[in-house]
Amino acid sequence: MGITQFHMQPQPRKIVQTARLIAIMYEANSGLRYIYMDGRQLPPQGEPQPWWYGYSVGRWDGDTLVVETNNLRDDGWLDVEGSPLTDQARIFERFHRPIFGKLEIDVTIEDPKAYTKPFTVRINQRVSPDDEPIEFVCNENQQFRRRIKIN
């Protein structure tokens, strides 16, 4: 799963913020993403080894979290439809809470290897600070019913 897929999943996520790092733990597919907030720059393309969720750095612009990501794998998907995301992609996200209980994420994709021009989508999420994610295990691949005899 890619970053935009995680943003669009209905399963909960937990965001943990410190002064130097934001960690997003997604219940879906047990995803874990780090956003470095310590002022570092993005590394050159291909360094470090490309990751499924890329390498992300962030900063605050007023009350909006601005995140830039590069170093994604070359075989990722942008969405559940299989839209490509390549190792040349850069993702720009703007996280903003306009009102209590709502999170708006504006995601801009720049990927010259897959798309002719950058584009932006808005993803709206519900904020539920009192909910806790649970573990996500797809161990049986939805095939367990075939093994159970029902009288």
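Just one of the numbered conditions (1) within 16 Å of the chain's Cα centre (by Cα); (2) open to solvent by 60 Å² or more (accessible area, probe 1.4 Å); (3) at pLDDT below 85 is not true of Glu110; which one?
Of (1) within 16 Å of the chain's Cα centre (by Cα); (2) open to solvent by 60 Å² or more (accessible area, probe 1.4 Å); (3) at pLDDT below 85, only one is false for Glu110: (3).
Any residue in segment 2-20 that is in contact (Cβ under 8 Å) with a residue 12 or more places away in the chain and open to solvent by less than 40 Å² (accessible area, probe 1.4 Å) sitting within a Cβ distance under 7 Å of a residue that is among the hydroxyl-bearing types (Ser, Thr, Tyr) and not in a loop (DSSP other than H, G, I, E, B)? List the pairs, counting only those 6 or more apart or interchain.
Ile3/Thr69; Phe6/Tyr26
Residues of segment 5-54 being closer than 19 Å to Asn124 by Cβ, modelled with pLDDT of 80 or more and among the aliphatic types (A, V, I, L, M), which ones?
Ile15, Ile24
Consider segment 115-131. How many of its residues are more than 14 Å from the chain's Cα centre (by Cα), of a type in the set (Lys, Arg) and not in a loop (DSSP other than H, G, I, E, B)?
1
Does Phe136 meet the test of being in contact with an Asp or Glu (Cβ under 6 Å, 6 or more places away or on another chain), modelled with pLDDT under 95 and more than 20 Å from Asn71 (Cα to Cα)?
yes
I'd like the full set of residues that are free of Cβ contacts under 8 Å to residues at least 40 places away in the same chain, open to solvent by less than 70 Å² (accessible area, probe 1.4 Å) and under 30 Å from Ile99 (Cβ atoms), limited to segment 40-61.
Those that are free of Cβ contacts under 8 Å to residues at least 40 places away in the same chain, open to solvent by less than 70 Å² (accessible area, probe 1.4 Å) and under 30 Å from Ile99 (Cβ atoms): Ser56, Val57, Gly58.
Can you name the residue in segment 62-100 that is under 15 Å from the mean Cα position of the chain (by Cα) and among the aromatic types (Phe, Trp, Tyr) and, of all such residues, is most open to solvent (accessible area, probe 1.4 Å)?
Ranking the qualifying residues of segment 62-100, first place goes to Trp77.
The values are calculated or read from the model by the stated rules, or taken from the named source; none is laboratory data. This structure is a prediction, so every number in the text was calculated from the model and none was measured. Glycine gets a Cβ as well: all are built from the backbone with ideal geometry, and neighbour counts include every protein chain shown. Each accessible area value is taken on the protein alone, full model and side chains, heavy atoms only, with ligands, DNA and RNA left out. Shrake-Rupley method; radii C 1.70, N 1.55, O 1.52, S 1.80 Å.
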